[in-house]
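What follows is a single structure, written as structure tokens, with notes after it.
The values are calculated or read from the model by the stated rules, or taken from the named source; none is laboratory data. Given the structure is predicted, the values throughout are model-derived calculations rather than measurements. Cβ placement follows ideal geometry from the backbone for every residue including glycine, while neighbour counts extend to all protein chains displayed. Just so you know, the surface numbers come from the protein's heavy atoms only, side chains and all, with ligands and any DNA or RNA stripped out. Shrake-Rupley method; radii C 1.70, N 1.55, O 1.52, S 1.80 Å.
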Amino acid sequence: MNSQQNLGIYVHIPYCKQKCNYCDFYSLADPKTALDYAQQASKTIVQAAKELPYKVDTVYFGGGTPNMMPKEGLAFIMRSIRESFAVSSCAEITCEINPGEGYPTSVEDLADLGVNRLSVGLQSAVEGELAVLGRRHTPDDVKALIHRAQAAGIHNYSVDLMWGIPHQTVTSALQSLERALSLNPTHISAYMLKIEEGTPFGKTLPPLPDEDAVCDIYETCCYALERAGYPRYEISNFAKAGYESRHNLKYWNCENTLGIGPAAHSLVDGKRFYYPRDLHGFMNGDPPIDDGTGGDFTEYAMLQLRLASGLQQQDCMQRFGHPIPRDLLVKAKPMIDHGLMTYDGNALCLTIKGNLVSNEVLAMIL
Ligand code: SF4
């Protein structure tokens with residue numbers, strides 16, 4: 001069975017204890033509808049399965065804060081996936097988890113449900129930086145959570161960091177990175193802080209590091225991660241060999257992914273659709289919104305160029321029946337001359353410097 005016949009399922013759990021100051025993800029503070037939501041998500045999964053005869057090889061619970069959903073809700077959703085789809089025996093089943101006290105579902109519960117990969121939000125190991133972000137945990141909470149995960153048999157876990165956050169310097173970013181590495185994760189995600197409209201940071205801009213400092217943080221940390229055995233495989237993602245996120249690779253490879261829940265997006269058989277950011281609409285059974293076609297050459301090229309492996313001749317031939325178009329390589333030439341891209345006759349890639357201006361580079365060549 002090739003990857004086009006496989007399916008990744010994303011389940012959005014739209015609840016958080018409290019909004020972090022930078023976050024634009026769709027989530028609500030009141031989890032009292034959580035069990036009803038789990039029922040509706042399950043119903044949607046069962047319905048979707050009738051039209052999708054695919055084998056599920058990745059499941060990803062994201063949010064929001066999935067551990068805000070009681071165990072029985074997550075179990076209900078997991079059971080509906082297992083009963084309505086063929087699920088690969090080696091499926092990657094990831095759950096995002098927030099450290100700290102007061103969440104209804106524990107890491108032991110997640111292990112019990114078959115979760116075999118965690119994504120844990122550390123963001124920073126500097127308490128002052130965490131406070132400005134509005135995070136409610138300490139670095140020690142993350143350490144305790146990971147020890148419990150290991151004891152429960154989950155050894156595959158990713159730690160999230162954030163770069164470009166208020167007051168961050170190269171020194172403090174390296175301090176957070178050291179702390180993350182000391183947890184011996186298989187994977188590290190490190191996203192740049194983006195100021196989103198409508199968030200507390202969007203309303204009152206915090207004191208951000210300047211552009212040069214952010215570039216320094218990114219470059220320094222990329223090299224430090226590489227030296228530590230976590231090469232960059234995507235602009236913001238680093239992993240030990242063999243531990244790249246199989247689910248997220250589906251997005252960058254334009255493979256089939258079904259998103260369940262408000263704000264969840266799907267790409268199935270070249271069609272994109274999504275559920276609006278509206279919990280009540282989803283609970284009422286409103287159908288997803290058609291979002292046109294997906295996975296054409298331009299979109300595929302943009303997503304492949306996020307990967308360190310880049311846009312490859314062989315993949316283009318296989319997927320589109322033609323090599324990388326000549327005019328694209330001609331447009332990429334000045335980027336290569338400026339050290340923003342490389343081309344070795346097979347793969348066109350962004351360099352670390354190129355990643356820092358990836359939107360501009362992609363807009364120029366595609
Ligand atoms: S960053 Fe995570 S925990 Fe914070 S509000 Fe957003 S989804 Fe919730």
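Miscellaneous remarks
- Note on region 293-312: residues that are more than 13 Å from Ile365 (Cα to Cα) and in contact with a Leu (Cβ under 6 Å, 6 or more places away or on another chain) total 3.
- Screening Ile13 with (1) among the aliphatic types (A, V, I, L, M); (2) over 30 Å from Thr204 (Cβ atoms); (3) in contact with a Gly (Cβ under 6 Å, 6 or more places away or on another chain) gives one miss only, at (2).
- Qualifying residue in region 172-186 (condition: farther than 18 Å from Val126 by Cβ and open to solvent by 20 Å² or more (accessible area, probe 1.4 Å)): yes
- Residues considered: Thr220, Thr257. Of these, the only one that is open to solvent by 40 Å² or more (accessible area, probe 1.4 Å) and among the β-branched types (Val, Ile, Thr) is Thr220.
- All conditions but one from (1) open to solvent by less than 30 Å² (accessible area, probe 1.4 Å); (2) outside any strand (DSSP E or B); (3) more than 10 Å from the ligand (Cβ to nearest atom) apply to Leu7; the one that does not is (2).
- Criterion violated by Tyr22 - all others in (1) open to solvent by 20 Å² or more (accessible area, probe 1.4 Å); (2) more than 16 Å from the ligand (Cβ to nearest atom); (3) hydroxyl-bearing (Ser, Thr, Tyr); (4) over 17 Å from Asp278 (Cβ atoms) satisfied: (2)
- Looking only at residues in region 77-130 that are within 16 Å of the ligand (Cβ to nearest atom), among the polar types (S, T, N, Q) and part of a strand (DSSP E or B), the one that is farthest from the chain's Cα centre (by Cα) is Gln123.
- Residue match in region 29-47 (condition: touching a Pro at 6+ places or on another chain (Cβ under 7 Å), modelled with pLDDT of 95 or more, in the same structural domain as Trp163 (by TED's automatic domain parsing) and more than 16 Å from the ligand (Cβ to nearest atom)): yes
- Qualifying strands (runs of 3 or more DSSP E) (wholly inside region 273-366; at least 3 residues being surrounded by 15 or more Cβ atoms within 10 Å (Cβ to Cβ)): 341-343, 347-350
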